[in-house]
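A.B. asks: Questions regarding the structure given below will be posed in turn.
The values are calculated or read from the model by the stated rules, or taken from the named source; none is laboratory data. Please read all numbers here as calculations on a predicted model, not as lab measurements. Cβ sites come from the backbone with ideal geometry, for glycine too, and all protein chains shown count toward neighbours.
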Amino acid sequence: MVFIDSDGKFLKDALQFTADSIPENKLRFGLGIGSPEDIVNCVRMGWDMFDCVIPTREGRHGRLFYPSFPVFLPLLVSAGKEGARAFYKTINLTNAKFAKDFSLINENSKLTMLKKYSKAYLHHLFKINDPLAGHLASLNNLEFYLELMKNIRLAILEGKI
């Protein structure tokens, strides 16, 4: 079942109808639902699990996801039901402005390699088509999504979402 209309927009009504049609004791699996705001919206509708290529596909193309702040649970919870993007940001490391950005890929990462290399180095790797570029960017994005899901679970347990 496809939940994106011809304009690429999220079909909230179809997702809500489908979630309501699945018994509560069954898992609701959203295949292909993967933007952070769509995941938050779907969780609010009762969806449980998601599988999407966004973290790795976007990483391979130089787009990295970051929480807006090191701890983004408050922003996640306060994000409007329409999925305001206030709780995260993206950058595209293939842009020329990153050629001289020597800040770390992710200074808040738990992964040593993301705290070891600069955005300028990763920009260079993308420019020379080194596979390590996509690997590092994908790791950053997967870590972002892991933290997103941890924060969603915490918000559910605290009755905030």
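A.B. asks: Would you confirm whether or not region 107-115 contains a residue that is at pLDDT 80 or above and either under 30 Å from D13 (Cβ atoms) or in a strand (DSSP E or B) (or both)? Reasoning before the result, please.
C.D. replies: Narrowing region 107-115 to residues at pLDDT 80 or above: 107-115.
Narrowing further to those that are either under 30 Å from D13 (Cβ atoms) or in a strand (DSSP E or B) (or both): none.
No, that holds for no residue.
A.B. asks: For region 89-106, enumerate the residues that are in contact with a Phe, Trp or Tyr (Cβ under 6 Å, 6 or more places away or on another chain), surrounded by fewer than 14 Cβ atoms within 10 Å (Cβ to Cβ) and either part of a helix (DSSP H, G or I) or of a type outside the set (D, E, K, R) (or both).
C.D. replies: Within region 89-106, T90 is the sole residue that qualifies.
A.B. asks: Let me ask something else. Is it the case that A137 is touching a strand residue (DSSP E or B) at 6+ places or on another chain (Cβ under 8 Å) and in contact (Cβ under 8 Å) with a residue 60 or more places away in the chain? Give the derivation first.
C.D. replies: Numbers: touching a strand residue (DSSP E or B) at 6+ places or on another chain (Cβ under 8 Å): yes; in contact (Cβ under 8 Å) with a residue 60 or more places away in the chain: yes.
Considered against the rule, which asks whether it is touching a strand residue (DSSP E or B) at 6+ places or on another chain (Cβ under 8 Å) and in contact (Cβ under 8 Å) with a residue 60 or more places away in the chain, A137 comes out as yes.
A.B. asks: Here's a follow-up. S118: surrounded by fewer than 20 Cβ atoms within 10 Å (Cβ to Cβ) and either touching a Lys or Arg at 6+ places or on another chain (Cβ under 8 Å) or touching a residue at least 60 places away in the same chain (Cβ under 8 Å) (or both), yes or no?
C.D. replies: Details: surrounded by fewer than 20 Cβ atoms within 10 Å (Cβ to Cβ): yes; either touching a Lys or Arg at 6+ places or on another chain (Cβ under 8 Å) or touching a residue at least 60 places away in the same chain (Cβ under 8 Å) (or both): no.
No.
A.B. asks: Any idea which residue in region 121-153 is surrounded by the fewest Cβ atoms within 10 Å (Cβ to Cβ), counting only those that are of a type in the set (A, V, I, L, M, F, W, C), over 16 Å from T90 (Cβ atoms) and out of contact with any helix residue (DSSP H, G or I) (no Cβ under 6 Å at 6 or more places or on another chain)?
C.D. replies: My answer is I128.
A.B. asks: A further question follows. Residue check: is L132 under 14 Å from Y66 (Cα atoms) and more than 12 Å from the chain's Cα centre (by Cα)? Outline the logic, then answer.
C.D. replies: Details: under 14 Å from Y66 (Cα atoms): no; more than 12 Å from the chain's Cα centre (by Cα): yes.
In short, no.
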